1. Out of H343, H303, I need the residue that is on the phi < 0 side of the Ramachandran plot, surrounded by 18 or more Cβ atoms within 10 Å (Cβ to Cβ) and modelled with pLDDT under 95. Which one?
2. For segment 82-108, which residues satisfy the criterion of being surrounded by 12 or more Cβ atoms within 10 Å (Cβ to Cβ) and at positive phi?
3. Go through (1) farther than 30 Å from C39 by Cβ; (2) at pLDDT 95 or above; (3) touching a Ser or Thr at 6+ places or on another chain (Cβ under 6 Å); (4) not β-branched (V, I, T) and name the single condition P105 misses.
4. Got a number for residues in segment 261-300 being part of a strand (DSSP E or B), surrounded by fewer than 16 Cβ atoms within 10 Å (Cβ to Cβ) and at pLDDT below 90?
5. In segment 169-179, which residue that is part of a loop (DSSP other than H, G, I, E, B) and modelled with pLDDT of 95 or more is farthest from T236 (Cα to Cα)?
6. For segment 232-244, indicate whether the set of residues that are small (G, A, S), part of a strand (DSSP E or B) and in contact (Cβ under 8 Å) with a residue 40 or more places away in the chain is non-empty.
7. Mind telling me which of the residues S264, S252 ends up being over 20 Å from F78 (Cβ atoms), in contact with a strand residue (DSSP E or B) (Cβ under 8 Å, 6 or more places away or on another chain) and not aliphatic (A, V, I, L, M)?
8. Kindly list the number of the only condition in (1) under 15 Å from A153 (Cβ atoms); (2) under 18 Å from the mean Cα position of the chain (by Cα); (3) not in a strand (DSSP E or B) that fails for D106.
Amino acid sequence: MILGAILACACGTAPVSTASHASPSSVPSAAAAPGQLSCRLPVAGFGISPTKIQSENGATQPGQQGTGGFLDLPSGKFTPVPSSDTSYLAGSSLWLPVPLEAVSPDRRSYVVGRTPQVSATPPTTTLYIVEIPSKAERKVLTAPDGRVAFVLAYTSRGIYVETTSSADAGPIDLTLVDPTNGSSRSVPGSQPEAGSIQQAFVAISSDFAWAMVVGGSPSQPSYSLARLSLSDGSVTRWYDAPAPFFVIGFDSYGVPIVALMTTSAGTSQTAVVVIPSPNHVDSVPVNGGTFLPGRGLGVTDAHGTWFGSGDGAIWLYTAGQGLDQVANVPPQPGGTGQPYDQHAWRSVAGPCI
């Protein structure tokens, strides 16, 4: 079902490949686009070896340890880092095995989900708080039996967690977990809207949670984006989409950046838009190549919003310029050269500094 793909993309899951790879030394990539960029961007790779399987944020997937590195801009030179992982904290020079969304606001801890890879019953996720840098951990929540959990955000309010059945297309729940004692409660206003087939929250930005809602009928589904206020529980129908879509990130004002997945003459196409107010859709120019959505959310910093992609390209969105391809990170050895091959897949691990 489409929502399964949405959650998988948002939380970083993907199929496992068993090809082996080696870590190359410093490799030049395509030069960055002209501009004022002068910084170093941490970039995550994708685990190829089956020995690097780990469970991140409740989803069993290839680990990203040792497959990323730093991209220097504007030169576009990529330097692999053996200690790299899913995200990078520049303030402490640490790589972490979870996305930035799962790191506490004070950057002193993160939350990780672990789900049994082999289970006689539908697997269940347990969440743990891990202290930085001691790595001491404590259990904070076990999801209801047979449910997997995705961490959407670790905020000053608590940890926003989405749970869904690990066995079927059952209901998807959004809960707020207290990191101090593990108590949890359903988020007010997060219940599926009347008449919807399915609803999944895919991202948290500032004071709002964003959900993809599937309506209509199974044979003729409709897709919309809903915004839930985390302060008062009110819900706004934000965007009635003409096709399935992914929320790929947010600009510096918290405006959602959305990739629309359309098909024309049997060919899949991706259009990028920003939606600053309900059903006010602005097209985003895509400059320098074909944008292929990657895994997880983009990272917003003083330069704009950074995105990895399914072919190794690194993109930067700015309100005045649109979406620019600034570099292309070389794939790990052994790939097919095709889009979304795991040897090439990249995600942005932190701000460019």
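The values are calculated or read from the model by the stated rules, or taken from the named source; none is laboratory data. Since we're looking at a predicted model, the values are computed, not measured. Here Cβ is always computed from backbone atoms with ideal geometry, including for glycine, and neighbour counts include all displayed protein chains.
1. Only one candidate passes the filter, namely H343.
2. The answer is R107, and nothing else.
3. (1)
4. 6
5. By that ranking, first place goes to P179.
6. no
7. S252 is the lone residue from the list that is over 20 Å from F78 (Cβ atoms), in contact with a strand residue (DSSP E or B) (Cβ under 8 Å, 6 or more places away or on another chain) and not aliphatic (A, V, I, L, M).
8. (2)
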